[in-house]
1. I'd like to verify a number: residues in segment 76-121 that are among the aromatic types (Phe, Trp, Tyr), open to solvent by 30 Å² or more (accessible area, probe 1.4 Å) and touching a Ser or Thr at 6+ places or on another chain (Cβ under 9 Å), how many?
2. Which residue pairs have Cβ atoms closer than 8 Å, lie 6 or more positions apart in sequence or on different chains, and pair a first residue in segment 32-49 that is farther than 22 Å from residue 108 by Cβ with a second residue that is of a type in the set (A, V, I, L, M) and surrounded by 14 or more Cβ atoms within 10 Å (Cβ to Cβ)?
3. Being surrounded by fewer than 16 Cβ atoms within 10 Å (Cβ to Cβ) and at pLDDT 95 or above is the filter here, so list the residues in segment 18-42 that pass it.
4. Within segment 43-75, can you find the residues that are among the basic types (Lys, Arg) and either over 15 Å from residue 4 (Cβ atoms) or open to solvent by 90 Å² or more (accessible area, probe 1.4 Å) (or both)?
5. Output the number of residues of segment 1-16 satisfying the condition of being over 18 Å from residue 75 (Cα atoms) and either surrounded by 13 or more Cβ atoms within 10 Å (Cβ to Cβ) or in contact with a helix residue (DSSP H, G or I) (Cβ under 9 Å, 6 or more places away or on another chain) (or both).
6. From 59, 79, which residue is in contact with a strand residue (DSSP E or B) (Cβ under 7 Å, 6 or more places away or on another chain) and free of Cβ contacts under 8 Å to residues at least 12 places away in the same chain?
7. Could you list all residues from segment 71-121 that are closer than 19 Å to residue 57 by Cα, among the aliphatic types (A, V, I, L, M) and within 13 Å of the chain's Cα centre (by Cα)?
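The values are calculated or read from the model by the stated rules, or taken from the named source; none is laboratory data. Everything quoted here is computed from the prediction, not taken from an experiment. A quick note on method: Cβ atoms are made from the backbone with ideal geometry, for glycine too, and the neighbour counts reach across all protein chains shown. All accessible areas refer to the heavy atoms of the entire protein, side chains included, with ligands and DNA or RNA removed. Shrake-Rupley method; radii C 1.70, N 1.55, O 1.52, S 1.80 Å.
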Amino acid sequence: QVHLVESRGGLVETGGALRLSCAASGSIFSINDMGWYRQAPGKQRELVASITRGGNARYADSVKGRFTISRDNAKKTMYLQMNSLKPEDTAVYLCTADIRNTAWARAMWYWGQGTQVTVSS
């Protein structure tokens with residue numbers, strides 16, 4: 001069994017910063033791609049950023065230049081540094097990871113429960 005646990009989000013003012021983390025634990029042989037999604041009320045879930053095992057990152061246009069995704073493979077943890085936050089960044093942020101439980105198992109995507117980030121105007 002695999003668990004992904006996000007750090008607590010919070011309430012920040014416009015222009016502020018917040019760092020999220022996502023720690024994977026449980027039966028893990030390897031972790032491939034990891035990513036952050038977000039979902040705001042009444043909107044579809046959208047991909048914010050993703051990162052490969054080797055550290056190649058991709059970002060949604062809406063967060064480029066403001067957010068930075070990173071990971072520590074030894075700690076099985078992924079991070080999202082969010083700077084210059086805007087009210088439109090308000091959402092539940094969810095982490096996801098493509099994880100192989102054993103050497104012979106097919107990798108599967110796992111999800112965290114999500115953490116609320118609210119940016120006040």
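1. Going through segment 76-121 one residue at a time, the tally reaches 4.
2. As it stands, the answer is 40/91; 40/92; 43/91, since those pairs meet every condition given.
3. Once the filter is applied, which keeps residues that are surrounded by fewer than 16 Cβ atoms within 10 Å (Cβ to Cβ) and at pLDDT 95 or above, segment 18-42 yields 19, 25, 26, 29, 30, 32, 39, 40.
4. First, the residues of segment 43-75 that are among the basic types (Lys, Arg): 43, 45, 53, 58, 64, 66, 71, 75.
Listed by number, the residues that qualify are 43, 45, 53, 58, 64, 66, 75.
5. 5
6. Working: 79 fails: free of Cβ contacts under 8 Å to residues at least 12 places away in the same chain.
After applying the criteria, what remains is 59.
7. 78, 80, 82, 94, 97
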